[in-house]
Amino acid sequence: MTANPSLTVAVAQLAPTTDAAANRDAIAALVADAAASTGAGLGRPARLVVLPEEAMLLAGELDDAERAEIVAREWPLFLALLSRLATEHETWIIAGGYEPSGEARPHNSIAVVNPRGELVDVYRKLHLYDAFSYRESDYVKGGTELPPVVMIEGVVVGLVNCYDIRFPELARDLVSRGADVLAVSAAWVAGPRKEDHWTTLVRARAIENTCWVVAASTSAADCVGTSMIVDPLGVVRAQLPPAGDEIAVVDVTLDRIAEVREILPALANRRLDTRVAVQEFQP
């Protein structure tokens, strides 16, 4: 009998700055560590590395006048780096950066690169973080398309960008399109109850969809870090500290999804066909 596919996944966190060259060095070190890792006693390197939102650059820290120019210069360098690292280490990479939009405000985008160094897909963030007195839309142009799902060695991965995780319908749409794993790239801003929101939402998206969630958050001083890999029953299989450049590696298996959905068939038990009969009021 053929075993269900599995995918050895690394979640990586770093503290990016406005120095894009330094960020590239940090990304290269993390991907190299993940490719060499035998984390959790797995005895094999990561085949997918998930990096945070803004791994390329902290664009929100730049002046409006210089942002478009810097993003136009750095986005191609960022993609070239991901391509080189993916080829060199024979791994898939998912990472967040800023992509020129043709306007002053860039897209906040997640790139997916395969081991041949090819750019497989780009997701432009739909839900901009206009909350908790922050206004991402002041300097980012929102996307207009739902995030993609990408087949990676027999495992279907759906993309989620930070604030997206507060919208359960987006995660459910990805799972309805076949996602086994939600890859979350985030720069989760710190604040009262914010780390609790982060860990709760990551686990909730896993539990309600009975899928894996691989969530990478930046460890910049104003963010919570605490990157996580959570299984389909909400069990935290790996969790990184709030600060530091770190990786964690977990073997993500479809067998675990099948096991959980056997005992917790919530997706199969949904009653979307129910209609409530409303009687017209008769005076």
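Bear in mind these aren't lab numbers, they're just calculated from the coordinates by the rules spelled out. All figures in this text were calculated on a predicted structure; none of them were measured in a lab. Ideal geometry is used to build each Cβ from the backbone, glycine not excepted, and the neighbour counts take in all protein chains shown.
Results, tabulated for the structure shown:
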item	result
Nearest-20 debye value, the stretch 6-263 charge dipole, Cβ charges on Lys, Arg, Asp, Glu	480
Whole-angstrom gap from the stretch 157-180 to the stretch 33-102, using each part's C-alpha centre	20
Prolate/oblate/rounded call for the stretch 155-281, Cα gyration tensor, a/c under 1.5 rounded	oblate
Percent RCO, i.e. relative contact order, over the stretch 171-221, from Cα pairs under 8 Å lying at least 6 residues apart	52
Charge context of A80, other residues only, Cβ under 15 angstrom, K/R +1, D/E -1	-1
Per-selection Kirkwood Rh - the chain (Cα, Å, 1 d.p.)	19.1
Chain lengthening between E153 and R261 when straightened (0.36 nm per residue, less Cα-Cα)	36.7 nm
Cut-off 10 Å between beta-carbons: net charge of the residues surrounding E90, Lys and Arg +1, Asp and Glu -1	+1
Length gained when the stretch R44-D245 is fully extended (0.36 nm per residue, less Cα-Cα span)	70.3 nm
Burial ordering of L264, L128, fewest other beta-carbon atoms within 10 Å first	L264, L128
Neighbour-count ranking [beta-carbon atoms within 10 angstrom, fewest first] of H127, H89	H127, H89
Label-to-label distance, nm, for residues given as V236 and E88 (7 Å Cα→Cβ offset)	3.3
Helix-only [θ]222 nm of the chain, DSSP H runs n ≥ 4, -39500 (n - 2.57) each, per residue, nearest 500	-9000 deg cm²/dmol
Relative contact order (%) - criterion: Cα under 8 Å, at least six apart; region: the stretch 6-263	22
Within the chain, longest stretch free of exposed trypsin sites (Lys or Arg not before Pro) [DSSP loop, at most 15 other beta carbons within 10 Å]	1-115
Residue order, fewest to most surrounding Cβ atoms within 10 angstrom, among F167, F132	F132, F167
Sequence-separation-based contact order of the stretch 1-131, relative, with Cα cut under 8 Å and 6+ spacing, percent	22
